[in-house]
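Participant: Below is the structure I would like to discuss, written out as structure tokens.
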Amino acid sequence: MKAKNWLLLLAFGLMLSVLAACSGDTSKESGGTKTEKKEEEKVLNFLNPEAIPSMDPSLATDESSFVHLAAIMEGLYRLDEKTQASPGIAESHEVSTDGLTWTFTLREDAKWSNGDPVTAHDFVYAWQRAVDPATGSEYGPYMMSGVIKNAAAISKGELAVDQLGVQADGDFTLVVELENATPYFETLTTFGTFFPLNKKFVEEKGDSFATSSENLLSNGPYTISNWTSTSDSWELVKNKDYWDAKTVKLDKLTFKVVKDPQTALALYEEGTVDRMDLTSDLVDQYSTSDDYVVSAETFSYFLKFNQTKSEALANKNIRAALSRAFDKEALVGEILNNGSIASNGLIPKDFTPMPETGEDFRKVSGDLVKYDLKAAKEFWEKGLAELGTDSVELEFLADDDKTTKNLVEYVANQLSTNLEGLKVTIKQVPKEQRLDLDSNMDYQIQLSRWGPDFLDPFTFMNLWTTDSGNNWTGYSNATYDKLVRDTASTLATDAKARYNNFLEAEKVLFEDAAIAPVYQSSRAQLISPKVQNVFVNPFGATYEYKWADVNE
């Protein structure tokens with residue numbers, strides 16, 4: 001009985017095999033050799049040190065905002081793999097012989113994520129909005145004044161916005177008139193403030209514009225999803241309507257806000273994230289790892305002194321004392337320990353060469369403000385005497401991440417220890433709140449930084465002119481103003497004279513002790529070998545994700 005059943009089962013199995021062979025395998029392609037498999041999504045997972053402060057190109061002022069804006073939007077040009085301005089929405093441009101008129105020919109296949117074409121009118125609207133006093137942009141006046149014709153007058157309310165030197169000649173030709181010849185204007189157009197905006201969409205959204213994914217339009221490599229202004233996580237998703245979508249290899253990038261280094265490390269080690277910044281206490285432990293990467297940066301960190309908020313800080317000798325009273329070498333070597341270098345000037349090292357000799361600007365300008373305890377105490381005593389007091393109390397504003405906490409505690413301790421009669425209290429807040437306090441000039445001392453927006457010393461030097469949209473210190477010096485302004489006007493085409501002005505202006509800035517240089521940053525990271533073609537820019541948005549890929 002058992003044997004017979006077994007034979008019947010065997011025969012039935014053979015019959016099923018024959019039937020399967022005759023009918024064919026539906027998992028095969030028509031050629032019968034390749035199995036169809038749904039391709040896995042290409043995803044990279046990153047951390048961010050804070051929530052994104054703003055996704056409005058006219059209002060953004062910080063690194064996180066500009067990095068994400070550059071991912072979802074595109075201007076006339078985009079920085080490519082070699083940090084060269086490559087065609088974006090503009091296919092080409094022509095410049096008049098006097099350098100004052102730039103005519104851009106726009107591509108006709110660029111679309112917004114709602115299907116609208118990207119036109120020259122979108123650039124006109126966006127640039128006018130950026131300099132309109134009603135918008136309240138910091139970067140619009142800063143980036144465009146002295147560059148785009150009439151931008152300065154418009155930002156001061158002296159002219160109507162339609163007088164800005166930008167107009168559409170049809171839908172796909174943009175004509176820009178400059179105030180002065182600006183050799184670096186092409187790289188300026190890669191920056192977030194110069195991105196286009198869809199006027200109808202922005203005006204329909206009103207105050208809700210750029211506050212969430214649903215209230216944003218993209219015209220770049222990615223769109224942003226699951227994001228609001230308070231989000232601690234979000235995604236960048238490939239924009240299939242992007243004109244160059246074929247170049248974009250990733251399906252998605254995810255971001256999560258993590259401020260605690262140990263939490264970030266745990267996520268990296270378990271493979272949940274593909275990149276993390278190392279704090280000083282972790283560098284030695286991981287410096288021999290194959291994933292360890294140190295990237296030199298061109299961010300300059302400095303102390304800002306608000307001369308309008310403190311009688312003591314309005315005193316030049318007090319500011320000069322504070323500038324020299326903390327050991328910057330110990331700070332970068334022990335507190336940061338990530339390749340950062342002590343800074344004794346404003347323009348970073350290895351940022352720009354002198355036009356005739358090729359020597360690095362920082363080397364030629366030299367060390368303008370070094371740690372010098374003897375000099376600090378002399379300035380301090382002189383300042384106290386001028387103030388008629390023997391004690392000063394100051395509040396020190398900074399971001400609330402752990403690395404910054406360690407840094408400001410170190411500096412505050414050095415200042416209060418080295419300068420008799422000084423009491424320093426620390427105020428740490430989320431970055432977005434610090435930026436608000438900064439622009440409202442509601443601080444005394446502040447740890448701040450600046451990364452270059454384009455490849456020229458002007459991006460740093462123009463910060464401290466009297467009417468700069470970013471000079472929230474109360475500092476004003478007519479000599480400094482003229483030196484810097486002349487580089488963008490009468491000396492615009494004389495490279496040697498321009499750079500001599502920059503050298504002189506930097507000396508004036510630190511003779512006045514307007515700010516105190518602290519360090520030039522480097523970034524020590526663990527980066528997974530799977531991360532490919534994420535480029536680090538020396539100016540503009542720190543990261544470029546258009547060409548990012550996964551090493552499988």
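The values are calculated or read from the model by the stated rules, or taken from the named source; none is laboratory data. Everything numeric here is computed off the predicted structure, so don't read it as measured data. We place every Cβ from the backbone using ideal geometry, glycine too, and count neighbours over all the protein chains shown. Side chains are part of the model used for accessible areas, which takes the heavy atoms of the whole protein and leaves out ligands, DNA and RNA. Shrake-Rupley method; radii C 1.70, N 1.55, O 1.52, S 1.80 Å.
Participant: What is the sum of charges, Lys and Arg at +1 and Asp and Glu at -1, for the other residues whose Cβ falls under 13 Å from the Cβ of Thr466?
Facilitator: Values: positive: Lys156, Lys482, Arg485; negative: Asp467, Asp481, Asp512.
My count for the surroundings of Thr466 gives 0.
Participant: Ignoring ligands, DNA and RNA, what percent of the 1.4 Å accessible area of the chain is carbon and sulfur?
Facilitator: Details: 11570 of 24330 Å².
Carbon-and-sulfur percentage of accessible area, whole number: 48.
Participant: Are there any GluC sites (Glu not before Pro) in the range 354-455 that are in a DSSP loop and have at most 13 other Cβ atoms within 10 Å? List them by number. Could the numbers behind the result be given before it?
Facilitator: Details: sites: Glu356, Glu359, Glu378, Glu381, Glu386, Glu393, Glu395, Glu409, Glu420, Glu432; in loops: Glu356, Glu359, Glu420.
Those that pass, being in a loop and sparsely packed, are Glu356, Glu359, Glu420.
Participant: How large is ³J(HN,Hα) for each residue in the range 334-343, as worked out from phi by the Karplus curve 6.51 cos²θ - 1.76 cosθ + 1.60 (θ = phi - 60°), to whole Hz, x for Gly and Pro?
Facilitator: Working through the residues one at a time gives 10, 7, 8, 6, 10, x, 4, 10, 4, 10 Hz.
Participant: Report, by chain and number, residues whose modeled amide H sits under 5 Å from the one on Asn337, excluding near sequence neighbours (fewer than 5 apart, same chain).
Facilitator: Under 5 Å from the amide H of Asn337: no residue qualifies.
Participant: Also: I'd like to know which of Tyr475, Ile224, Gln84 lies farthest towards the positive end of the charge dipole of the chain, counting +1 on Cβ of Lys and Arg and -1 on Cβ of Asp and Glu.
Facilitator: Value: Ile224.
Participant: Roughly how many debye, to the nearest 20, is the charge dipole of the chain about its Cα centre, given +1 on each Lys and Arg Cβ, -1 on each Asp and Glu Cβ, and no other charges? Display every interim value, and only then the final one.
Facilitator: Values: 53 positive and 86 negative charges, 226 e Å.
That gives the chain a dipole magnitude of about 1080 debye.
Participant: For a quick check of understanding: with a 1.4 angstrom probe and all protein chains in place, what accessible area in square angstrom does Lys349 have, to the nearest ten?
Facilitator: Probe radius 1.4 Å; accessible area of Lys349 about 100 Å².
Participant: With every protein chain kept in the model, how would you rank His121, His68 by accessible area, 1.4 Å probe, largest at the top? Walk me through the numbers on the way to the answer.
Facilitator: Working: His121 90, His68 0 Å².
So, going from the largest accessible area down, we get His121, His68.
Participant: With Cβ to Cβ distances under 12 Å as the rule, what net charge do the other residues near Glu63 carry (K, R +1; D, E -1)?
Facilitator: Numbers: positive: Lys431, Arg449, Arg523; negative: Glu50, Asp62, Glu297, Asp399, Asp453.
With Lys, Arg at +1 and Asp, Glu at -1, the net is -2.
Participant: If amide H atoms are built 1.01 Å from N in the plane of the peptide, which residues on other chains or at least 5 residues away come under 5 Å of the amide H of Leu278?
Facilitator: Amide H neighbours of Leu278, under 5 Å, 5+ apart: Ala524, Gln525, Leu526.
Participant: Report the antiparallel proportion of the DSSP beta bridges in the chain as a percent, rounded to a multiple of 5.
Facilitator: Values: 55 of 71 bridges.
Just about 75 percent of them are antiparallel.
Participant: Looking at (1) 175; (2) 207; (3) 184, which value of volume of the Cα convex hull per residue in Å³ comes from a calculation on the structure shown?
Facilitator: Here volume of the Cα convex hull per residue in Å³ agrees with entry (2).
Participant: Where the only charges are on Cβ atoms (+1 Lys, Arg; -1 Asp, Glu), what is the dipole of the range 410-519 about its Cα centre, to the nearest 20 debye? Numbers along the way, then the final one.
Facilitator: Working: 10 positive and 15 negative charges, 48 e Å.
Value, rounded to 20: 220 debye.
Participant: Skipping prolines and chain starts, which residues have an amide H placed within reach, meaning under 5 Å, of the one on Ser86, given they are 5 or more residues away or on another chain?
Facilitator: Arg78, Leu79, Asp80
Participant: Now for a separate question. With +1 on each Lys and Arg Cβ and -1 on each Asp and Glu Cβ, how big is the dipole of the range 120-269 about its Cα centre, in debye rounded to the nearest 20?
Facilitator: Working: 13 positive and 21 negative charges, 69 e Å.
So the dipole magnitude of the range 120-269 works out to roughly 320 debye.
Participant: Okay, next question. Please work out how much accessible surface Lys370 shows to a 1.4 Å probe, ignoring ligands, DNA and RNA, in Å² rounded to 10.
Facilitator: Counting only protein heavy atoms, the figure is 110 Å².
Participant: Now a separate question. Taking the Cβ of Ala153 as the center, what net charge do the other residues with Cβ under 15 Å away carry, scoring Lys and Arg +1 and Asp and Glu -1?
Facilitator: Local net charge: -3.
Participant: Rounded to the nearest 10 Å², what accessible area does Val237 have for a 1.4 Å probe in the complete protein model?
Facilitator: Looks like 50 Å² after rounding.
Participant: Now for a different question. Which order do you get for Phe123, Phe201 if you rank them by accessible area with a 1.4 Å probe, largest at the top?
Facilitator: Working: Phe123 0, Phe201 25 Å².
Largest accessible area first, the list is Phe201, Phe123.
Participant: How big is the range 301-438 by Rg and Dmax over its Cα atoms, in Å?
Facilitator: 16.3, 50
Participant: Along the positive direction of the dipole of the chain (beta-carbon charges: Lys, Arg +1; Asp, Glu -1; about the Cα centre), which of Trp380, Gln285, Ala495 reaches farthest?
Facilitator: Highest projection toward the positive end goes to Gln285.
Participant: Pop the C-beta distance of Lys507 and Glu40 into the FRET formula with R0 = 41 Å and round what comes out to the nearest 0.05. Walk me through the numbers on the way to the answer.
Facilitator: Details: r = 57 Å, r/R0 = 1.40.
After rounding to 0.05, the efficiency reads 0.10.
Participant: Over the range 394-480, with the other protein chains present, what is the accessible area per residue in square angstrom, probe 1.4 angstrom?
Facilitator: Working: 3120 Å² over 87 residues.
Averaged over the residues of the range 394-480, the accessible area is 36 Å².
Participant: Within the chain, which whole H helices from DSSP have a Cα span along their axis of at least 18 Å and a mean Kyte-Doolittle hydropathy of 0.0 or more, if any? Numbers along the way, then the final one.
Facilitator: Working: long enough: 2-23 (32 Å, 1.41); 373-387 (21 Å, -0.26); 402-418 (24 Å, -0.69); 495-511 (24 Å, -0.49).
Answer set is 2-23.
Participant: Lys/Arg Cβ at +1, Asp/Glu Cβ at -1, dipole of the chain taken about the Cα centre: which of Phe185, Val131, Asn114 is farthest positive-ward?
Facilitator: Of Phe185, Val131, Asn114, it is Asn114.
Participant: With an 8 Å cut-off on Cα pairs and a minimum separation of 6 or more residues, tell me the relative contact order of the range 88-216 in percent. Don't skip to the end; give the middle numbers.
Facilitator: Working: 205 pairs, mean separation 35.4, N = 129.
Averaging sequence separation for qualifying contacts and normalising by length gives 27 percent for the range 88-216.
Participant: Mind scanning Lys402/Lys423; Lys316/Lys431; Lys238/Lys427; Lys349/Lys427 and naming the pairs with a C-alpha gap bigger than 32 Å? Intermediate values should be presented prior to the final figure.
Facilitator: Working: Lys402/Lys423 22 Å; Lys316/Lys431 28 Å; Lys238/Lys427 40 Å; Lys349/Lys427 30 Å.
Where the Cα-Cα span goes over 32 Å, the pairs concerned are Lys238/Lys427.
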